[in-house]
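Here the structure is laid out as C-alpha cells; the discussion comes afterwards.
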Amino acid sequence: MNDELLIKFLLKETSEEESITVHKWLNASPSNESHFKQFKRIWESSKKLSGQSQVNGDEAWLRFKQRTATAKASPGPVVRSLKALQPWLKIAAVFVLIAAAWAVYSVLSPVTYTALASGNTISKQLLPDGSEVTLNKHAALSYASNFKRNRSIRLQKGEAFFNVAHDKSRPFVIDVDKVSVLVVGTSFNVKYFNGQTEVIVETGIVKVSLGKTEIALHKGEKAVIKNGTGKFRKAQNEDQLYNYYRSKEFVFNNTPLWRAAEVLNEAYGTQILIKDPAIKNRTINTTLRTTASLDYNLSIICDPLDIRFVRNENQIVLSNLIK
C-alpha cells in the first residue's frame, strides 16, 4: 500500500474503487491496521505541529518540483510523467516534512514514565524490550514510555530482580536515588531500602556508579552503597537469601541467626529482636519454605539452637531457653 493513497484516504478524496482497495488492505492483516493507525496518528499530530512550524507547504512543494526538474534534465531514461501525480506528491512532500518535524519533537520532548508497583504480592512483569523484572512485595519502579529505544528505569523503593534482554546498542540503565546501574544483557538484583542501595549480580557484568565513582561487578559479587555518604562497599555475595522471593525458599547455609532474623523480618513484615547478644552469631543450616507460617519456620530454626521466641505485641523476641 503506497502512502499517497493513504493520504488521499485520510483526506476523504479517494474514489469509491480506491476506498474499497484501502479497506481490503486494512482487513487483510492486523499489521496493516496497526501501520495505518500509526500513520493516522502522525498525520493528525502533524496538523497541530503545522500551526507551530515555519514549514510552508507551497515552498516545500516548489523545492520538491525543482529537484524533480533537475532529475528530468539529467541524462537517463524517463520512467513516467509526474504531472498526474503532482497534487498527491505535493501533499506527500509536505507530509514528509511535517512527519520529520514530529520525529524531532518526539525525541526532544520530555520522556514520560510508566509506573509498576507490586503491593502485597510478588509481581513478575515483561518489559517492552523483552526484559523480565520480578518485584518483591511493596516495590515500586517506573520505566520510560519509549522504552524500546530508551531503556531507562527508576527504582523508587523496594527490591527487584532483572533479567535483561541483550542489546549492545541500547544499554539498560536503572537509577536508584543518586546511584546508576548500567548493563547490556545480564541478570541481577537491586534493593533500595532506608537510604541504602544493594546490587547483587547473578550473571554477566554490571557497572554501578555514584557521581564520578564507578565499579564493575561480576557474577557472584555485590555492592552496597550508603547513598548519603557516597561510599561503596564491594564484596563477594555470601548467601542466596536475596533470592527468596523468587525461589520461594529460605536457604540457610551456615547463616548467622542475626542474618536469618533480618531476612525473616523483610519477608514477613515483622520485627524479630535478638535479646541475648550471645546467640546472635549461632549458625543455621536448613531450607524453609516461604509459604510456611512464621511461627512454624521460627520453631524449625530455634529448637536445635535451644532458643525460644516470645511475642511481645508487634515484636518477636529471641533469647536463650531458661533451663
Tell me the net charge near residue 318. Cut-off is 15 Å between Cβ atoms, residue 318 excluded, with +1 for each Lys or Arg and -1 for each Asp or Glu. +1
If amide hydrogens are placed 1.01 Å from N in the peptide plane, which non-local residues have theirs closer than 5 Å to the one on residue 131? 165
Please tell me which of these pairs span more than 26 angstrom C-alpha to C-alpha: 37/148; 207/280; 168/207? 207/280
So if R0 is 45 Å, what FRET efficiency would residue 231 and residue 34 give, r being the distance between their Cβ atoms, rounded to the nearest 0.05? 0.35
Relative contact order as a percentage, segment 113-236, C-alpha pairs under 8 Å and 6+ apart, gives 16
Taking a ≥ b ≥ c as the square roots of the eigenvalues of the Cα gyration tensor, with a/c under 1.5 meaning rounded and otherwise prolate when a/b exceeds b/c and oblate if not, segment 175-323 is prolate
Ranking 132, 159 by Cβ neighbours within 10 Å, fewest first, what do you get? 132, 159
Quarter of the Cα convex hull surface for segment 113-236, i.e. its orientation-mean projected area (nm²): 6.9
How far, in nm, would the chain grow between residue 23 and residue 273 when pulled straight, counting 0.36 nm per residue and subtracting the alpha carbon separation? 83.0 nm
Using mean Cβ contacts within 10 Å as the protection proxy, how do 297-309, 114-126 order, highest first? 297-309, 114-126
Output the peptides 212-224, 260-272 sorted from most to least packed, where packing is the average of other Cβ atoms within 10 Å over each peptide's residues. 260-272, 212-224
How would 244, 113, 296 line up from fewest to most surrounding beta-carbon atoms within 10 angstrom? 296, 113, 244
Here, residue 320 and residue 166, labelled 7 Å along Cα→Cβ, have an inter-label distance in nm of 5.6
For residue 240 and residue 305 in the same chain, what is the full-extension length gain: residue separation times 0.36 nm, less their Cα-Cα distance, in nm? 21.2 nm
So if each residue of separation counts as 0.36 nm, and I subtract the Cα-Cα distance between residue 175 and residue 295, what length gain in nm does that give? 39.5 nm
In straight Cα distance, which aspartates and glutamates are under 12 Å from residue 137, not counting same-chain residues fewer than 8 positions off? 159, 266
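Where a number appears in this text, it was derived from the coordinates with a stated rule and is not lab data. Just so you know, these numbers come straight off a predicted model, no measurement behind them. All Cβ positions, glycine included, derive from the backbone under ideal geometry; neighbour counts span all protein chains shown.
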